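Written out below as structure tokens is the structure these notes cover.
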Amino acid sequence: MNLGRVSNEEKLELCRKYYRGGFALLPFLWLVNVLWFFREAFVVQPYGEQQQIRTYVRRSALGLGLWGVALGLWVGLFQSQRQSWGALGDYLAFTLPLGTP
């Protein structure tokens, strides 16, 4: 989709949809929102809806960053503590290492 062919109101509505979609446990939409609307929010000449788009882009970037930190913490915790969790750690693991023979 070429954002140059879309009206400013439609840009705002699409940006809002991607922002809200990120809350449905789809942080990839926040990434798309940031990458797709960054120019519209911060580079092009000012227009009426730009301030709202800028707000959605900033919030999407914040949400994406928080998701990244949370995912990184979970991966680190799981990798370092899975064995000590016993059966729960085994149930959460997709594959189980066989250990040494």
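The table that follows gives values for the structure above.
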{"read-out": "Which label in [x] 16.0; [y] 22.4; [z] 13.4 gives the computed Kirkwood radius over Cα pairs in Å", "value": "[x]"}
{"read-out": "Extension reserve of the GLU13-ARG58 stretch, reckoned as 0.36 nm per residue once the Cα distance is removed", "value": "14.6 nm"}
{"read-out": "Span-like helix ranges in the chain, DSSP H, alpha carbon extent 30 angstrom or more, Kyte mean at least -0.5", "value": "50-81"}
{"read-out": "For the stretch 51-68 versus the stretch 25-46, the gap between their alpha-carbon centres in whole angstrom", "value": "8 Å"}
{"read-out": "The chain: most fluctuating residue of VAL57, VAL34, VAL44 per GNM, C-alpha cutoff 10 Å", "value": "VAL44"}
{"read-out": "Dipole axis of the chain (+1 Lys, Arg; -1 Asp, Glu on Cβ), positive-most option in SER84, MET1, GLY48", "value": "GLY48"}
{"read-out": "Residue-normalised accessible area of the chain, expressed per residue, 1.4 Å probe, Å²", "value": "73 Å²"}
{"read-out": "Magnitude of the charge dipole, the chain, Cβ model with Lys/Arg +1 and Asp/Glu -1, debye to 20", "value": "160 debye"}
{"read-out": "Residue-averaged [θ]222 nm for the chain, counting only DSSP H segments that reach four residues, each worth -39500 (n - 2.57)", "value": "-22500 deg cm²/dmol"}
{"read-out": "Cα gyration tensor category, rounded, prolate or oblate, for the stretch 1-51 with a/c compared to 1.5", "value": "prolate"}
{"read-out": "Label-to-label distance, nm, for residues given as GLN83 and VAL6 (7 Å Cα→Cβ offset)", "value": "5.0 nm"}
{"read-out": "Choice from PHE78, PHE23, PHE38 showing the highest fluctuation, given a GNM over the chain with Cα pairs closer than 10 Å", "value": "PHE78"}
{"read-out": "Fraction of accessible area attributable to carbon and sulfur, the chain (%, probe 1.4 Å)", "value": "63 percent"}
{"read-out": "Relative contact order (%) - the chain, alpha-carbon pairs under 8 angstrom, separation at least six", "value": "23 percent"}
{"read-out": "Top of LEU14, LEU62, LEU77 by mean-square fluctuation, Gaussian network on the chain, Cα under 10 Å", "value": "LEU77"}
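The values are calculated or read from the model by the stated rules, or taken from the named source; none is laboratory data. Note that the structure is a prediction, hence the values are computed from the model and not measured. Glycine gets a Cβ as well: all are built from the backbone with ideal geometry, and neighbour counts include every protein chain shown. Keep in mind that these areas ignore ligands, DNA and RNA; they rest on the heavy atoms of the full protein, side chains included. Shrake-Rupley method; radii C 1.70, N 1.55, O 1.52, S 1.80 Å.
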